[in-house]
């Protein structure tokens with residue numbers, strides 16, 4: 001049954017307002033800073049189950065990566081590189097978690113394609129990316145693709161690819177955020193940062 005126009009109008013306005021509040025460009029974001037604490041939120045895992053971010057963070061210090069989606073070749077290269085460094089990261093006492101706007105099905109495809117062993121989570125509606133301050137308005141050319149890959153929940157945002165190292169209380173110990181999605185944190189630099197944090 002079709003919803004009456006007056007009912008659907010507020011929903012459309014809410015979606016439009018939500019996107020309008022986002023920075024227009026990746027260069028305009030205002031992310032959380034080192035020392036601040038990540039908000040807790042419910043995310044979906046690759047099986048579609050809800051998980052609490054803070055429950056995951058409590059397990060051990062975390063290398064948390066935001067990526068644009070399994071459709072992004074630069075993201076896939078980065079995720080694969082993380083996988084190659086995962087054993088060393090784990091040996092230093094950290095876990096790896098990667099988050100994107102992809103819905104559960106997309107996460108499963110990325111796991112299979114890139115042979116990922118670490119945890120992938122879905123922030124399809126962008127609530128966490130917005131709260132962390134790394135979401136911006138996606139260029140129009142991505143619109144339909146983002147809707148499809150998120151099962152209709154992504155109404156037009158992209159996260160700036162980012163790497164955060166978080167303590168078990170969610171506090172930010174280190175961050176790397178580059179508005180140029182083609183430039184990612186080098187694995188050797190990440191390992192060096194983790195060793196410094198562990199020693200400190």
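The values are calculated or read from the model by the stated rules, or taken from the named source; none is laboratory data. Owing to the predicted nature of the structure, the values given are computational and were not obtained by experimental measurement. No Cβ is skipped: glycine too gets one built from the backbone with ideal geometry, and neighbour counts run over all protein chains shown.
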Would you check if residue 160 is closer than 21 Å to residue 80 by Cβ, touching a residue at least 40 places away in the same chain (Cβ under 8 Å) and surrounded by 15 or more Cβ atoms within 10 Å (Cβ to Cβ)? yes
Return the residues of segment 163-185 that are over 13 Å from residue 62 (Cα atoms) and either at pLDDT below 95 or surrounded by 17 or more Cβ atoms within 10 Å (Cβ to Cβ) (or both); say none if nothing qualifies. 176, 177, 181, 184, 185
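Residues to consider are 120, 128, 107; find the one that is in a helix (DSSP H, G or I) and in contact with a strand residue (DSSP E or B) (Cβ under 6 Å, 6 or more places away or on another chain).
Within the list 120, 128, 107, the selection yields 107.
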Kindly indicate whether any position in segment 66-81 is within 27 Å of residue 198 (Cβ to Cβ), free of Cβ contacts under 8 Å to residues at least 60 places away in the same chain, buried (at least 16 other Cβ atoms within 10 Å of the Cβ) and touching a strand residue (DSSP E or B) at 6+ places or on another chain (Cβ under 9 Å). yes
Flagged in segment 103-118 as modelled with pLDDT of 95 or more and surrounded by fewer than 20 Cβ atoms within 10 Å (Cβ to Cβ), in numbering order, are 118
Evaluate segment 94-102: report whether one residue or more is in contact with a helix residue (DSSP H, G or I) (Cβ under 8 Å, 6 or more places away or on another chain), assigned to a helix (DSSP H, G or I) and either at pLDDT 95 or above or over 24 Å from residue 189 (Cα atoms) (or both). no
By residue number, the members of segment 179-200 that are within 20 Å of the chain's Cα centre (by Cα) and not in a helix (DSSP H, G or I) are 179, 180, 181, 182, 183, 184, 185, 186
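In the set 174, 157, which member is in contact with a helix residue (DSSP H, G or I) (Cβ under 8 Å, 6 or more places away or on another chain) and within 15 Å of residue 102 (Cβ to Cβ)?
157
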